[in-house]
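Reviewing the structure listed below.
The values are calculated or read from the model by the stated rules, or taken from the named source; none is laboratory data. All figures in this text were calculated on a predicted structure; none of them were measured in a lab. Cβ coordinates were reconstructed from backbone atoms using ideal geometry, including for glycine residues, and neighbour counts include every protein chain displayed. Just so you know, the surface numbers come from the protein's heavy atoms only, side chains and all, with ligands and any DNA or RNA stripped out. Shrake-Rupley method; radii C 1.70, N 1.55, O 1.52, S 1.80 Å.
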Amino acid sequence: MSAKVIFGILLAGVLSNNYAMLQFLGTGTVLQNSRPAKQSLVLGLGTTVVMLLCTLITWPINTCVLAQAEYLQTMAFMVVLIAVVELVHALACKVLDGFCHADFVKFGINSAVLGLCIQNTDLGLGEALITALAVGIGFTLVLILYSRLLEEQWDEEAIPAPFRGLPVSLLTAGMIALALMALNF
């Protein structure tokens, strides 16, 4: 695999193939994120680690075991995802004191991780791992960008009453998605 291909996969995963904004996988995690940018970075990096580990485990399982039983793919990948999340949680509790358990629940219910594992089955192992890294970085960037937007002081009186709260958050996410879609051309 050449450096051009690796750079192309990284650029596509971060910008033009962003799972959270363009494929609507993991969007709930982004929209419900009310953490500051630093905690959003930790959540994004944790999601990236889970994506890499799940890809590293599910790709060989799919290639060797599930080749003849594709109907078991989603269930098997969910079992792997939950096991990886619990393993990372156990390791993080020992290494990082006071790490929030709710973050690990978000890793387990994040549809971006499961969607990535399912979509990576068509790629080679090296490409799948680079894609997992790129998608994780893109997901982290969206989390940080969205948390920074929410940290800004908005003039509540300037926003019409029906659009306050979740509607303005959805409009913001839509504008970010449109900006990222412009990069597909």
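Some observations on this one:
- Dipole of the chain, positive direction: furthest Cα of Thr131, Pro160, Pro36, with charges on the beta-carbon: Thr131
- A full extension of the chain between Met175 and Glu157 corresponds to an added length of 4.4 nm, given 0.36 nm per residue minus the alpha carbon distance.
- Separation in nanometres of the label points that stand 7 Å from Cα toward Cβ, at Lys94 and Tyr71: 4.1 nm
- Hull volume in cubic angstrom per residue (convex hull over the Cα atoms of the range 1-66): 119 Å³
- With all protein chains modelled, accessible area of Arg148 [1.4 Å, Å²]: 110 Å²
- Rounded FRET efficiency, nearest 0.05, which uses the C-beta distance separating Val79 from Met1 and R0 of 35 Å: 0.70
- For the chain, built as a Gaussian network whose Cα springs stay under 10 Å, the top-fluctuating residue of Ala161, Ala37, Ala12: Ala161
- Cα Rg over Rh - the chain, Kirkwood: 1.00
- Accessible area per residue, Å², the chain with all protein chains present, probe 1.4 Å: 55 Å²
- Taken about its Cα centre, the chain carries a charge dipole of about 240 debye when Lys and Arg each add +1 at the Cβ and Asp and Glu each add -1 at the Cβ.
- Modelled spin labels at Leu56 and Ile118, positioned 7 Å past Cα toward Cβ, are 2.5 nm from each other.
- Projection of the Cα convex hull of the range 117-185, averaged over all directions and equal to a quarter of that hull's surface, yields 6.5 nm².
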